[in-house]
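All remarks here apply to the structure that follows.
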Amino acid sequence: MLKNNPMMKMLVETGEERVGKLAQQLLSNEKFVAAVQSLVSRSLAAKGTLDTALRTALSAMNLPSTADLEQLRSKVDDLERLLSSVEGKVDTLVEHAASNSNPKKK
């Protein structure tokens, strides 16, 4: 109902236009852009510090980090591939031995 209301459409269009102008003004303001860049930079630095502190804390508690778990998962995947390969070779050897021990009767 409200979507078809001409007054509502006009309000939305006016709001969108004003927000667009405000965004343009903010982005053209060097101080604003510099403040946003500084905020992003500081946030990334804080995240790096927090990540380092968490890894240290987990290590002190003898708990694995996400990187440790990923490394372990990779090793398990490698072992599974190797085991599958070995199983395939053993099956081939068993089949070969079975066919050699039971010669076909002619």
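Conditions tested, residue by residue: (1) among the charged types (D, E, K, R); (2) free of Cβ contacts under 8 Å to residues at least 40 places away in the same chain; (3) in contact with a strand residue (DSSP E or B) (Cβ under 9 Å, 6 or more places away or on another chain); (4) surrounded by 10 or more Cβ atoms within 10 Å (Cβ to Cβ).
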{"position": "Met7", "(1), (2), (3), (4)": "no, yes, no, no"}
{"position": "Gly20", "(1), (2), (3), (4)": "no, yes, no, yes"}
{"position": "Gln37", "(1), (2), (3), (4)": "no, yes, no, yes"}
{"position": "Asp51", "(1), (2), (3), (4)": "yes, yes, no, yes"}
{"position": "Leu54", "(1), (2), (3), (4)": "no, yes, no, yes"}
{"position": "Leu69", "(1), (2), (3), (4)": "no, yes, no, yes"}
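Residues that are assigned to a helix (DSSP H, G or I) and surrounded by 10 or more Cβ atoms within 10 Å (Cβ to Cβ) were ranked within the range 25-35; the one that is farthest from the chain's Cα centre (by Cα) is Gln25.
Test Lys3 against the criterion of being basic (Lys, Arg) and loosely packed, with under 10 Cβ neighbours inside 10 Å, and give yes or no. So Lys3 passes the test.
A short reminder: the numbers here are calculations on the coordinates, not readings from a lab. Keep in mind that what you see is a predicted model, and the values were worked out from it rather than measured. Don't worry about glycine lacking a Cβ; one is built from the backbone with ideal geometry, like all the others, and counts go over all protein chains shown.
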